[in-house]
Amino acid sequence: MAVRKHQIEIPKLPEAILEGFANIPAAVASDAQDRGWAMQAKISPLDPKMRIVAQARTVDCMAADNSALHAAIALAEPGQVIVCDAKAYEDNALFGGLLAKSSTERQLAGLVIDGAVRDCDEIAELGYPCFARAITPRGPHKGFGGVIDGPIACGGLPVHPGDLIVADCDGVTVVPFDRAEKVLEAANAILAKEERALETVANGGTLAEVYGIPEVEPF
């Protein structure tokens with residue numbers, strides 16, 4: 001079957017927004033969205049030092065088949081992150097060392113896949129950010145088709161082309177494209193509040209006081 005592609009123009013965030021998220025942790029990006037929009041905990045980095053702040057290029061793969069992933073990597077633009085719905089299938093890896101090297105050459109920002117990968121040592125040595133549900137040595141099949149640049153589900157969340165991905169050692173947070181500016185403002189406010197909280201602690205106060213935790217009652 002053929003790989004199909006939605007004929008859309010992927011929206012681009014202003015450079016100032018992308019730069020603003022450069023130091024925003026995934027946890028804070030989630031907190032800034034009512035503690036939501038974090039992918040399921042199984043979607044985790046191959047190396048805790050890996051980090052992604054980039055807009056999504058989406059791929060919908062058939063289970064155990066990576067033909068659409070190959071096609072998407074060939075089409076993706078530098079700086080984009082590939083976000084792949086691999087149907088949460090863990091027994092065949094859809095991404096490995098060869099695709100990681102190809103992605104690195106194309107200057108892609110990384111991969112988030114709701115499925116399995118392999119060749120983890122090679123990927124880590126390349127320093128290519130990779131967040132996956134599972135690891136397995138068994139390779140993929142090809143030829144069953146798939147879809148590029150459409151809405152997908154990944155790690156329990158909807159992801160659209162152009163959505164912002166913020167990923168680090170804690171996991172992956174999605175920031176919908178049209179909410180990016182407001183989420184950035186909220187995230188910076190949270191970081192400022194945390195700084196004030198640390199100042200309170202340094203001056204002898206407690207986090208219980210900062211966050212309004214009721215006094216402990218005897219029983």
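The values are calculated or read from the model by the stated rules, or taken from the named source; none is laboratory data. Note that the coordinates shown come from a computational prediction; the quantities given were computed from them, not determined experimentally. Note: ideal-geometry Cβ built from the backbone for every residue, glycine included; neighbour counts use all protein chains shown.
Of all the residues that make up region 38-63, how many are surrounded by fewer than 21 Cβ atoms within 10 Å (Cβ to Cβ) and in contact with a helix residue (DSSP H, G or I) (Cβ under 6 Å, 6 or more places away or on another chain)? The qualifying residues number 2. Out of curiosity, is residue 124 in contact with a strand residue (DSSP E or B) (Cβ under 7 Å, 6 or more places away or on another chain), in contact (Cβ under 8 Å) with a residue 24 or more places away in the chain and aliphatic (A, V, I, L, M)? So residue 124 does not fit the description; no.
Among the conditions (1) under 22 Å from residue 179 (Cβ atoms); (2) in contact with a Pro (Cβ under 7 Å, 6 or more places away or on another chain), the only one that residue 66 does not satisfy is (1). Looking at this structure, is residue 41 among the small types (Gly, Ala, Ser), closer than 21 Å to residue 120 by Cα, at pLDDT 95 or above and in a loop (DSSP other than H, G, I, E, B)? Judged against the criteria, residue 41 is a match.
Just one of (1) surrounded by 15 or more Cβ atoms within 10 Å (Cβ to Cβ); (2) more than 15 Å from the chain's Cα centre (by Cα) fails for residue 128. It is (2).
The set of residues from region 3-33 being assigned to a helix (DSSP H, G or I) and touching a residue at least 12 places away in the same chain (Cβ under 8 Å) comprises 17, 18, 20, 26, 27, 28, 29, 30, 31.
Restricting 178, 163 to those that are modelled with pLDDT of 95 or more and crowded, with 16+ Cβ neighbours inside 10 Å reduces the list to 163.
For region 94-104, indicate whether the set of residues that are of a type in the set (A, V, I, L, M, F, W, C), more than 28 Å from residue 24 (Cβ to Cβ) and in contact with a Leu (Cβ under 6 Å, 6 or more places away or on another chain) is non-empty. Scanning region 94-104 turns up at least one residue that is of a type in the set (A, V, I, L, M, F, W, C), more than 28 Å from residue 24 (Cβ to Cβ) and in contact with a Leu (Cβ under 6 Å, 6 or more places away or on another chain). Evaluate region 93-104: report whether one residue or more is of a type in the set (Phe, Trp, Tyr), surrounded by 16 or more Cβ atoms within 10 Å (Cβ to Cβ) and out of contact with any helix residue (DSSP H, G or I) (no Cβ under 7 Å at 6 or more places or on another chain). Taking every residue of region 93-104 in turn, none turns out to be of a type in the set (Phe, Trp, Tyr), surrounded by 16 or more Cβ atoms within 10 Å (Cβ to Cβ) and out of contact with any helix residue (DSSP H, G or I) (no Cβ under 7 Å at 6 or more places or on another chain). Selection of first residues in region 181-199 that are of a type in the set (Val, Ile, Thr) and of second residues that are assigned to a helix (DSSP H, G or I), restricted to Cβ pairs under 6 Å at least 6 apart or on distinct chains, gives the following pairs, ordered by first then second residue: 190/28; 190/31.
Consider residue 197 carefully, then state whether it is over 24 Å from the mean Cα position of the chain (by Cα), part of a helix (DSSP H, G or I) and surrounded by 13 or more Cβ atoms within 10 Å (Cβ to Cβ). The answer is yes for residue 197. Every listed requirement among (1) out of contact with any Pro (no Cβ under 6 Å at 6 or more places or on another chain); (2) over 14 Å from residue 52 (Cα atoms); (3) at pLDDT 95 or above is met by residue 94 save one, (1). Among the residues making up region 6-24, a single one is surrounded by 19 or more Cβ atoms within 10 Å (Cβ to Cβ) and over 11 Å from residue 184 (Cα atoms): 13.
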